[in-house]
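These notes concern the structure reproduced below.
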Ligand SMILES: [Ca+2]
């Protein structure tokens with residue numbers, strides 16, 4: 001006698017549940033459509049951002065003309081065999097940042113993208129407000145590549161870096177004379193402090209302030225073989241390796257380290273307080 005109401009009740013509950021599932025499916029479909037629309041809008045906004053950034057980028061960079069230069073050196077410095085031999089390299093025209101990437105620029109990157117902040121930063125900002133125009137440090141090679149991709153640029157190749165630092169001649173330092181100890185101040189400085197440290201093309205702090213990641217893998221014999229040999233054209237470094245190259249010496253470097261020819265290395269995941277970076281860009285990207 002009591003079974004009949006129970007069966008009716010169960011049937012009703014099933015009907016109610018089916019209706020709720022149907023309603024939920026409709027809502028889910030609607031949410032999915034909204035999300036797809038938002039995703040498309042986000043993509044459009046990102047395209048617009050990159051377009052605007054591409055117009056802005058050349059204004060903050062120096063255009064290095066195409067041509068041939070002498071990379072490496074035949075002057076052996078003790079323990080630095082990886083800088084030899086001097087060899088001829090031809091590069092196409094390219095842009096390079098006039099200054100090292102600063103703390104305030106890097107902060108905008110991590111705020112916009114959610115990318116991790118350098119380990120010494122607190123609450124995702126650099127610890128000393130007065131250092132907003134100092135080069136960002138404690139960034140790995142991977143971090144530097146991520147920044148470059150975000151801003152529509154890339155890391156310079158080792159050849160591009162050396163050409164931008166020393167010009168097409170054979171000078172040893174960007175500033176033409178002997179090693180300067182002007183910048184030996186025990187820490188980073190504003191990237192626009194030392195006008196006398198400009199390279200022949202007007203690129204600042206190529207040697208000094210902080211060392212700078214370049215895109216190449218490191219091979220100590222790279223200059224003496226492969227596509228690094230004489231008549232190399234736009235060399236991009238070894239195809240694989242263990243360490244990445246950084247160039248230009250940092251505030252901790254000695255006179256040997258800050259020579260324009262000096263090659264230094266670190267693991268791509270490593271970061272420390274005297275390595276930062278600047279970006280480069282193909283010339284066509286700025287036209
Ligand atoms: Ca530097």
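The values are calculated or read from the model by the stated rules, or taken from the named source; none is laboratory data. All of these numbers come straight from a predicted model, not from anything done at the bench. Neighbour counts are summed over all protein chains in view; Cβ atoms, including those assigned to glycine, are modelled from backbone coordinates with ideal geometry.
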Take residue 107 and tell me if it is away from the ligand (no atom under 16 Å from the Cβ) and at pLDDT 95 or above.
yes
Just wondering, is there one or more residues in the stretch 252-264 that are under 23 Å from residue 132 (Cα atoms) and modelled with pLDDT under 80?
yes
Checking residue 8 against (1) at pLDDT below 90; (2) outside any helix (DSSP H, G or I); (3) surrounded by 10 or more Cβ atoms within 10 Å (Cβ to Cβ): exactly one of these is not met. Which one?
(2)
Quick one: in the stretch 57-82, which of the residues that are surrounded by 11 or more Cβ atoms within 10 Å (Cβ to Cβ) and assigned to a helix (DSSP H, G or I) is modelled with the lowest pLDDT?
81
Go through the stretch 133-160 and report how many residues are in contact with a strand residue (DSSP E or B) (Cβ under 7 Å, 6 or more places away or on another chain) and over 30 Å from residue 72 (Cα atoms).
1
Restricting the search to the stretch 193-251, which residues are surrounded by 15 or more Cβ atoms within 10 Å (Cβ to Cβ), free of Cβ contacts under 8 Å to residues at least 40 places away in the same chain, more than 21 Å from the chain's Cα centre (by Cα) and part of a loop (DSSP other than H, G, I, E, B)?
193, 194, 200
Could you identify the single residue in 189, 262 that is touching a helix residue (DSSP H, G or I) at 6+ places or on another chain (Cβ under 8 Å) and either within 24 Å of residue 153 (Cβ to Cβ) or away from the ligand (no atom under 11 Å from the Cβ) (or both)?
262
Members of the stretch 83-111 that are in a helix (DSSP H, G or I) and in contact with a strand residue (DSSP E or B) (Cβ under 8 Å, 6 or more places away or on another chain)
83, 103, 107
Report the residue count in the stretch 117-138 for those that are touching a helix residue (DSSP H, G or I) at 6+ places or on another chain (Cβ under 7 Å) and either in contact (Cβ under 8 Å) with a residue 24 or more places away in the chain or assigned to a helix (DSSP H, G or I) (or both).
5
Residue that is in a loop (DSSP other than H, G, I, E, B) and more than 25 Å from residue 143 (Cα to Cα), where the choices are 278, 259:
259
